[in-house]
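Chemist: This structure is in structure tokens; I'll ask about it shortly.
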Amino acid sequence: DSFGTLSERLNSAWSALKDEDDLSVENISLPLKDIRRALLEADVSLPVVRRFIKSVEEKSIGVKVTKGVSASQQLTKVVADELCELMGGFGGDKLIFRKEGEGPTVILMAGLQGVGKTTACGKLALFLKAQGKQSLLVATDVYRPAAIDQLKKLGEQIDVPVFELGTDFSPPDIARSGVEKAKLENFDVVIVDTAGRLQVDEMLMAELLATKAATRADETLLVVDAMTGQEAASLTAAFNDAVGITGAVLTKMDGDTRGGAALSVREVSGKPIKFIGSGEKLDALEPFFPERMTTRILGMGDVVSLVERAQVAVKEEQANLMRDKILSATFDFNDFLSQLEMMGKMGGMGGLTKMMPGMNTMSDKELQDAEKSLSVAKSLIMSMTPRERQFPDLLVAGSSAASRRGRVVEGSGRSDKDLANLIVMFGSMRVKMQSLSAQMNGTAKEVGL
Ligand code: GDP
């Protein structure tokens, strides 16, 4: 594997961590030194490494080691999460397509010669074809006639048409004509193979800007070679500063890359890697998923999922506590608040309702709205007195209810409507809880408990 050395180095980094209950400044300092060295050896730039280590440090210190995993596994999880963030976060960044009826989506492919730009154009067309999107490839590399032939050959292999006007027109003009044709013939996507250069120069940038303007491109992807390490990242930053790009395609990931490019592009340029190429064949292109790359780099997906499973087990304990609450049907604002706090830690409302028996019936829309009101709800509950939290009806019935509500609203900085919504939300949750409780008690009786 191309990340062999990096993952080995990272693996040995935490051997220094013995069985500790918490991660602390003292016990993570040696592993962090090793991680730092491993990243520098993988050709990640120093500023990126510094920021990364600082952030891992901040997130690890004081973290309790989850029951069932070791301290080093816990640290691995923090490092894995940070690596994933560094590369753009879970899920990655997708291509943005134009809506139906707005004409073809235009994608410019830019890059220096030899990085695999033309190949990437063919790969992308094939990738989109598999998604049912018909592309028109446009050859504009007028300085290298061989590149036009190369694109035509690629097009034939994957049965995707290639538009070209030879070498007598300027790249922006050819690209514009290509887009016109694609519009007339209802192609979904136009992929423009822009002119490459040996080095970054002003002409190249000016031409690229002109092509971008002429085609009103939706995506400008810079193709960079993973083998060039942090150089790929600074190149991405340079192109972004000069012409504004929407992302990078990282090629030659099948080679003996040390990982620096994959880890630095996003942090150095502010732009995401959108695809990776890992071979000369045309099907060797895949969308970039930071979490998958993290697993590859750490070479220890099993550990990450182990920690996740252990955390789920701990959550289940908490869920059982909640179950007891439900059974006794004494659900109040305190429970609600601790639920909200748990939700935050557990991937939101969706995560919680999945664990709660009988509550996984909320629709996605309901869940989304619920998520939105979580932080509002929290600030409102925080402004209630302990008695109000324990006896929610104080806010609804009785002579002091209105003045109580006024005080809560003022204290929380929210609106009357927010509080009204919270009360309704709480009310419906409590009704669910109580009917659930009746059900569960019924079942308990049936089985003779
Ligand atoms: P361009 O000059 O940037 O258009 O580069 P080409 O598309 O002509 O590719 C240059 C060389 O790199 C060719 O031999 C390709 O087969 C090779 N190449 C392109 N992408 C990859 C890749 O992901 N992995 C490997 N191993 N080789 C690649």
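Each value in this text was obtained by applying a stated rule to the coordinates, not by laboratory testing. Here the structure is a predicted model, which is why all the values come from computation and not from measurement. Here Cβ is always computed from backbone atoms with ideal geometry, including for glycine, and neighbour counts include all displayed protein chains.
Chemist: Quick one: work out the % antiparallel among DSSP beta bridges in segment 105-288, nearest 5.
Modeler: Working: 3 of 28 bridges.
Among the beta bridges of segment 105-288, antiparallel pairing accounts for roughly 10 percent.
Chemist: Ok, one more. Return the long-range amide H neighbours of THR140 (sequence gap of 5 or more, or a different chain), with a cut-off of under 5 Å between placed amide H atoms.
Modeler: Under 5 Å from the amide H of THR140: ASP193.
Chemist: Further, regarding this structure: Viscosity 0.890 mPa s, temperature 25 °C: Stokes-Einstein D of segment 105-288 from its Kirkwood Cα radius, in µm² per second?
Modeler: For the chosen part, D equals 154 µm²/s.
Chemist: Show the residues, 5+ positions off or on another chain, whose built amide H is closer than 5 Å to the amide H of ASP225.
Modeler: THR251
Chemist: Just report the Cα centroid separation between segment 151-177 and segment 380-408, whole Å.
Modeler: 70 Å
Chemist: Right, here's the next one. Hey, what's the Kirkwood Rh for segment 65-195 if you take every pair of different alpha carbons, in angstrom?
Modeler: 16.8 Å
Chemist: Give the long-range amide H neighbours of ARG98: residues separated by 5 or more places, or on another chain, with amide H under 5 Å away, using H modelled in the peptide plane at 1.01 Å from N.
Modeler: THR105
Chemist: Are there any trypsin sites (Lys or Arg not before Pro) in segment 169-251 that are in a DSSP loop and have at most 11 other Cβ atoms within 10 Å? List them by number.
Modeler: Passing sites in segment 169-251 are ARG216.
Chemist: List MET109, MET203 from most exposed to least, where exposure is judged by having the fewest other Cβ atoms within 10 Å.
Modeler: If I rank by nearby Cβ atoms, fewest first, I get MET203, MET109.
Chemist: Moving on. What pairs from LYS94/LYS432; LYS59/LYS378; LYS212/LYS271 go past 29 Å between their alpha carbons? Don't skip to the end; give the middle numbers.
Modeler: Numbers: LYS94/LYS432 39 Å; LYS59/LYS378 24 Å; LYS212/LYS271 17 Å.
Those over the limit are LYS94/LYS432.
Chemist: Which loop GluC sites (Glu not before Pro) in segment 96-186, with loop taken from DSSP, have no more than 10 other Cβ atoms within 10 angstrom of their Cβ?
Modeler: GLU100, GLU102
Chemist: For segment 377-418, what does the alpha-carbon gyration tensor say about shape, rounded, prolate or oblate, given a ≥ b ≥ c as the root eigenvalues, a/c under 1.5 as rounded, and a/b over b/c as prolate? It would help to have the intermediate numbers written out before the result.
Modeler: Working: a/c = 1.96, a/b = 1.28, b/c = 1.53.
Note, shape of segment 377-418 comes out oblate.
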